[in-house]
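Below is one structure, written out as structure tokens; comments come after it.
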Amino acid sequence: MNAKKLGVVMALVAALGTSEYAQAIPIAVATANPNPTDVGNIVQLDGSGSYETNVALLIDSWEWDLNNDGAYDVSGLLVPVSFAAYGVYPISLRVTNNGAPEADAVTTLSVTVVPATAVPEPATLALLALGLAGLGFSRHKRNA
């Protein structure tokens, strides 16, 4: 939006007060990092991608429902959480603007908690190779 159009929109908001422009809604955007994760790991919930569609208003509240019961458990732009069991956890973010009256928007994301994939250490692979080589050598020695 260029400066002239922005000036017209701001003038409309100032003149009309509770107009449609003044009652624009916020947009809730939620992310979780890392996702998927493992039991007990800290997951950072992030609402910083949320924004207000009206340049005259600001988002002033971020609330998170962590257990899908409709009640918002914690608030904040960035919230660290962890999960005690494997599963898929729907998490809702509600953002509210500073309009009069306030407007809000809700979005839901899923955090997946799965067992970590075990990756063998290089030393483990080396020991396995050494053991197999020793076994092959002992067989070769017996056959000779």
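Does the range 108-122 contain any residue that is of a type in the set (Ser, Thr, Tyr) and assigned to a loop (DSSP other than H, G, I, E, B)?
Among the residues of the range 108-122, at least one is of a type in the set (Ser, Thr, Tyr) and assigned to a loop (DSSP other than H, G, I, E, B), which makes the answer yes.
Here's a check for you: in the range 38-82, which residue that is touching a residue at least 40 places away in the same chain (Cβ under 8 Å) and of a type in the set (A, V, I, L, M) is farthest from Ile25 (Cα to Cα)?
Among those that are touching a residue at least 40 places away in the same chain (Cβ under 8 Å) and of a type in the set (A, V, I, L, M), it is Val39.
Filter the range 73-100 for residues that are of a type in the set (Phe, Trp, Tyr), open to solvent by 50 Å² or more (accessible area, probe 1.4 Å) and assigned to a loop (DSSP other than H, G, I, E, B) and give the result.
The one that is of a type in the set (Phe, Trp, Tyr), open to solvent by 50 Å² or more (accessible area, probe 1.4 Å) and assigned to a loop (DSSP other than H, G, I, E, B): Tyr86.
Could you figure out which of (1) farther than 17 Å from Ser48 by Cα; (2) more than 12 Å from the chain's Cα centre (by Cα); (3) surrounded by 11 or more Cβ atoms within 10 Å (Cβ to Cβ) isn't true of Pro115?
All conditions pass for Pro115, except number (3).
May I ask you to list the residues in the range 28-55 that are closer than 15 Å to Thr108 by Cα and in a loop (DSSP other than H, G, I, E, B)?
The answer is Ala28, Val29, Ala30, Asn35, Gly47, Ser48, Gly49, Ser50.
Of all residues in the range 96-133 being at pLDDT below 85 and of a type in the set (S, T, N, Q), which is nearest to Thr31 (Cα to Cα)?
Per the criteria, the residue is Thr117.
When you check Val13 against the structure, is it at negative phi, modelled with pLDDT under 90 and either of a type outside the set (S, T, N, Q) or in contact with an Asp or Glu (Cβ under 8 Å, 6 or more places away or on another chain) (or both), yes or no?
When the stated conditions are applied, Val13 passes them.
Give me a count of the residues in the range 56-70 that are in a loop (DSSP other than H, G, I, E, B), within 15 Å of Ala105 (Cα to Cα), among the small types (Gly, Ala, Ser) and open to solvent by less than 50 Å² (accessible area, probe 1.4 Å).
Summing the residues that are in a loop (DSSP other than H, G, I, E, B), within 15 Å of Ala105 (Cα to Cα), among the small types (Gly, Ala, Ser) and open to solvent by less than 50 Å² (accessible area, probe 1.4 Å) in the range 56-70 gives 0.
The values are calculated or read from the model by the stated rules, or taken from the named source; none is laboratory data. Keep in mind it's a predicted model, so treat the numbers as computed, not measured. All Cβ positions, glycine included, derive from the backbone under ideal geometry; neighbour counts span all protein chains shown. Note: accessible area is taken over every heavy atom of the protein model, side chains too, but ligands, DNA and RNA are not part of it. Shrake-Rupley method; radii C 1.70, N 1.55, O 1.52, S 1.80 Å.
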